[in-house]
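Following: one structure in structure tokens, then a few remarks.
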Amino acid sequence: MISIITSIGAFSVAALSIFLGYKLFILGATGGFHFSSNMGGISLDLVSVAPGLGFAFFGMIISWKALGVLIKKD
């Protein structure tokens, strides 16, 4: 029960992050952004993209993790 409530909260935060990222992207906000990640042999490096894309990417990661909690592999 707790994992469902936590996942709903995580999806809410993710949706807000994706929405705000979309609004920033549409409004044309510019600026520097740097994100680097290395997970499971996969390396990801985003440099100098619009801040809106950073927000949207962050929201997608939160959604992915929350979905992983709901669909546990036993």
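The values are calculated or read from the model by the stated rules, or taken from the named source; none is laboratory data. Since we're looking at a predicted model, the values are computed, not measured. No Cβ is skipped: glycine too gets one built from the backbone with ideal geometry, and neighbour counts run over all protein chains shown.
Quick look at the values:
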read-out	value
Residue in the range 37-49 that is of a type in the set (Ser, Thr, Tyr), more than 11 Å from the chain's Cα centre (by Cα) and either part of a loop (DSSP other than H, G, I, E, B) or modelled with pLDDT under 80 (or both) present	yes
Some residue of the range 10-33 being at pLDDT below 80, loosely packed, with under 14 Cβ neighbours inside 10 Å, hydrophobic (A, V, I, L, M, F, W, C) and assigned to a strand (DSSP E or B)	no
